[in-house]
Amino acid sequence: MNNQEIDRIVTMALAEDIGNGDITGEACVPPKTTIKGRFIAKETGVICGLFVVERVFNALDTNITFTPRVTEGQEINGGTVIADIKGPAQSILAGERVALNLLQRMSGIATKTAAAVAAIANTKTKITDTRKTTPLLRILEKYAVRCGGGQNHRFGLFDGILIKDNHIAAAGGIASAVAAARERIPHTLKIEVETTTPKEIDEAIQAAADIIMLDNMSIEEMTQAVKQIAGRALTEASGNMGDQDLATVAAAGVDLISIGALTHSAHALDISLKLKGV
């Protein structure tokens, strides 16, 4: 994880929420008041983002002590105490919502990913994410996918070649798109091509694509596609995979299942912070 990038996110999130000051906390709580409290999970899930919570509070006040009581990536039950916190009341109250928002969001993604990974246990297939992330939070959300046992797809447009339908249309076909890409990239970078029909799959094979995406295909179509490709490229099932029976998709023989819903539709894990005076 890039700590500078995390601190940038934390700084912007705190500035968005606090602005010129927490007028409620500053008006109601004397400046020297000290409090302590507990972060408590209200439902079962995978905890992710504890180190981000710590950076939120440290950014506000180095006198705050944040002590995790579970480990990153641990599955917990509802009612579990996740962490303890102690320090100046005004500072803790000012950071509470940002800390919870990030912790709940990341834990929700990790939980959803863990469920997807469990659904295809004992198969060769791997679960991966997509670029369908919250703007400016991608580094945290993709980390949360890994925390839940999944793998990351390319991080952005800059670190992977994925030739999709619109690229193919603009380039004049799969063959020309792949050929043009190969002229510009180093030998260490793989090329993935999105396909929807057996004809497009054949074109991707002939172009020597490294990964062939099987987009919005039925289970029967994917099964036939895997046979057609016959190990000449990695295969990736894609397209509303969050709504599919993942075990059945894996049984089609694909190497990867990419799921945008891991990040764009994850339920935020219900976590609360209960405080009391010291």
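The values are calculated or read from the model by the stated rules, or taken from the named source; none is laboratory data. Everything quoted here is computed from the prediction, not taken from an experiment. Because the Cβ atoms are built from the backbone with ideal geometry, glycine has one as well, and the counts that use them run over all protein chains shown. Surface areas here come from the heavy atoms of the whole protein model, side chains and all, with no ligands, DNA or RNA. Shrake-Rupley method; radii C 1.70, N 1.55, O 1.52, S 1.80 Å.
Only one entry in Lys199, Lys164 is more than 26 Å from Tyr143 (Cα to Cα) and among the basic types (Lys, Arg), namely Lys199. The set of residues from the range 17-35 being under 24 Å from Asp7 (Cα atoms) and surrounded by 13 or more Cβ atoms within 10 Å (Cβ to Cβ) comprises Asp17, Ile18, Asp22, Gly25.
Checked against (1) charged (D, E, K, R); (2) within 22 Å of Thr128 (Cβ to Cβ); (3) open to solvent by 70 Å² or more (accessible area, probe 1.4 Å), Arg182 meets all criteria but (2).
In the range 223-278, counting only strands (runs of 3 or more DSSP E) that sit wholly within it, the ones holding 3 or more residues that are touching a helix residue (DSSP H, G or I) at 6+ places or on another chain (Cβ under 8 Å) and within 30 Å of Lys36 (Cβ to Cβ) span 271-277. When the range 199-235 is filtered for residues that are of a type in the set (A, V, I, L, M, F, W, C), within 14 Å of Gly253 (Cβ to Cβ) and open to solvent by 40 Å² or more (accessible area, probe 1.4 Å), the ones remaining, listed by number, are Ile219, Ala230, Leu234. One residue stands out in the range 105-122 among those that are open to solvent by 40 Å² or more (accessible area, probe 1.4 Å), out of contact with any strand residue (DSSP E or B) (no Cβ under 8 Å at 6 or more places or on another chain) and free of Cβ contacts under 8 Å to residues at least 60 places away in the same chain: the one that is nearest to Val10 (Cα to Cα), namely Ala115. Does Asp84 count as open to solvent by 10 Å² or more (accessible area, probe 1.4 Å), touching a strand residue (DSSP E or B) at 6+ places or on another chain (Cβ under 9 Å), under 21 Å from Ala15 (Cα atoms) and of a type outside the set (Lys, Arg)? So Asp84 does not fit the description; no. Scanning the range 135-160 for residues that are open to solvent by 50 Å² or more (accessible area, probe 1.4 Å) and closer than 21 Å to Met12 by Cβ gives Pro135, Leu136, Arg138, Phe155. Residue count for the range 17-43, restricted to those that are among the charged types (D, E, K, R), in contact with a strand residue (DSSP E or B) (Cβ under 9 Å, 6 or more places away or on another chain) and farther than 30 Å from Glu75 by Cβ: 1.
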